[in-house]
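See structure below.
What follows is calculated from the coordinates using simple rules that are stated; it is not laboratory data. Computed from a predicted structure; not experimentally measured. Neighbour counts are summed over all protein chains in view; Cβ atoms, including those assigned to glycine, are modelled from backbone coordinates with ideal geometry.
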């Protein structure tokens, strides 16, 4: 889907699970080929000059 609806979307991946690490190793090259970047939530919010507030649930940035 390349209609922009996923711009700023957050996908949570806990790296302390073996299955997640394996999935990311397989998915990361594909994600990058599609022009996406893999960053932390803090990095994504900083780039957009948005503040993270503790205790809130975030699904995407504005």
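Odds and ends about this structure:
- Label sites at residue 60 and residue 48, each approximated as a point 7 angstrom past Cα along Cα to Cβ, lie 0.8 nm apart.
- Axis of helix 18-33 versus longest Cα principal axis of the chain: the two differ by about 80°, to the nearest ten degrees.
- By average C-beta atoms within 10 angstrom, highest first, the peptides 28-34, 7-13: 7-13, 28-34
- Relative contact order of the chain, taken over Cα pairs closer than 8 Å and 6 or more residues apart, is 46 percent.
- Helix-derived mean residue ellipticity, 222 nm - over the chain, DSSP H n ≥ 4, -39500 (n - 2.57), to 500: -11500 deg cm²/dmol
- Whole-number D in µm² s⁻¹ for the chain, Kirkwood Cα-pair radius fed into Stokes-Einstein, 20 °C, 1.002 mPa s: 163
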